Amino acid sequence: MSTPVLVLVGLRCVGKTTLGSALANRLGWEFLDLDAELARRTGFSSAGALLAQVGLEEFRDQEQEVLLAVLKEDSVPRILATGGGVVEREENRVQLRSLPCVWLDTPVDILVARAEQDSVLRPSLTDHGTVQEFEQLHKRRAPWYEQVAGPAVELGGLEPDGALDLLWARVRERFEHFGGQ
């Protein structure tokens, strides 16, 4: 039997790392942030630094390689927070569809406010401002997020504790081995 894993997907700044880490703590599971693991395995200070250095296509190649490697590893039960663009590749979506996966979503204005306060280097993926970039990425990726994870868990402007409680409730509702029906 494979080791339990729960995957979190969604746009950057939605809270995958914060909530994933907190949920892993609640469950006594390991937490793995795919962007941090990608940076570690490639020797960069961050996934954003890797992206800035190698460009988007090479970044996606390396992201996919690390995702597939992480999913093949037999380890303790874990929560995996993916990078926002992991769903850009069909092979990644195929892999993610085979796992318990949750799409976290929140309004673009909240994401923009968080991005503007974020000190992590994340190069722009478009030639537009932050608002337009988030709107474009949400429009393009939403069908893929839903494809791998079903309907979004809408976090709105919930504080982390409330968002964690909502996430855990949705996980238990959707996935039998997490206490669902």
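The values are calculated or read from the model by the stated rules, or taken from the named source; none is laboratory data. This structure is a prediction, so every number in the text was calculated from the model and none was measured. A quick note on method: Cβ atoms are made from the backbone with ideal geometry, for glycine too, and the neighbour counts reach across all protein chains shown.
Checking Asp105 against (1) surrounded by fewer than 19 Cβ atoms within 10 Å (Cβ to Cβ); (2) acidic (Asp, Glu); (3) modelled with pLDDT of 90 or more: exactly one of these is not met. Which one?
(1)
Consider segment 1-57. How many of its residues are aliphatic (A, V, I, L, M) and more than 20 Å from Arg140 (Cβ to Cβ)?
Within segment 1-57, residues that are aliphatic (A, V, I, L, M) and more than 20 Å from Arg140 (Cβ to Cβ) number 16.
Kindly state which helices (runs of 4 or more DSSP H) lie completely within segment 1-61 and contain at least 3 residues that are under 15 Å from the mean Cα position of the chain (by Cα) and not charged (D, E, K, R).
16-27, 34-42
Restricting to segment 10-33, give me the number of residues that are among the aliphatic types (A, V, I, L, M) and touching a Phe, Trp or Tyr at 6+ places or on another chain (Cβ under 6 Å).
1
Restricting to segment 65-98, what's the tally of residues that are over 24 Å from Leu50 (Cβ atoms) and either among the aliphatic types (A, V, I, L, M) or within 12 Å of the chain's Cα centre (by Cα) (or both)?
Residues that pass the stated criteria total 1.
Within segment 148-170, which residues are over 17 Å from Thr17 (Cβ atoms) and crowded, with 18+ Cβ neighbours inside 10 Å?
Correct list: Val148, Ala152, Arg170.
Determine the pairs where a residue that is without any contact (Cβ under 8 Å) to a residue 40 or more places away in the chain and under 17 Å from Glu63 (Cβ atoms), located within segment 20-40, has a partner that is of a type in the set (S, T, N, Q) and not in a strand (DSSP E or B) with Cβ atoms under 6 Å apart, the partner being 6 or more residues away or on another chain.
Ala39/Ser46
Scanning segment 76-96 for residues that are surrounded by fewer than 17 Cβ atoms within 10 Å (Cβ to Cβ) and in contact with a strand residue (DSSP E or B) (Cβ under 9 Å, 6 or more places away or on another chain), which turns out modelled with the lowest pLDDT?
Step by step, filter segment 76-96, then rank; the result is Val76.
Against the definition (more than 20 Å from Phe134 (Cα to Cα) and buried (at least 16 other Cβ atoms within 10 Å of the Cβ)), how does Gln53 come out, yes or no?
Against the criterion (more than 20 Å from Phe134 (Cα to Cα) and buried (at least 16 other Cβ atoms within 10 Å of the Cβ)), Gln53 does not qualify.
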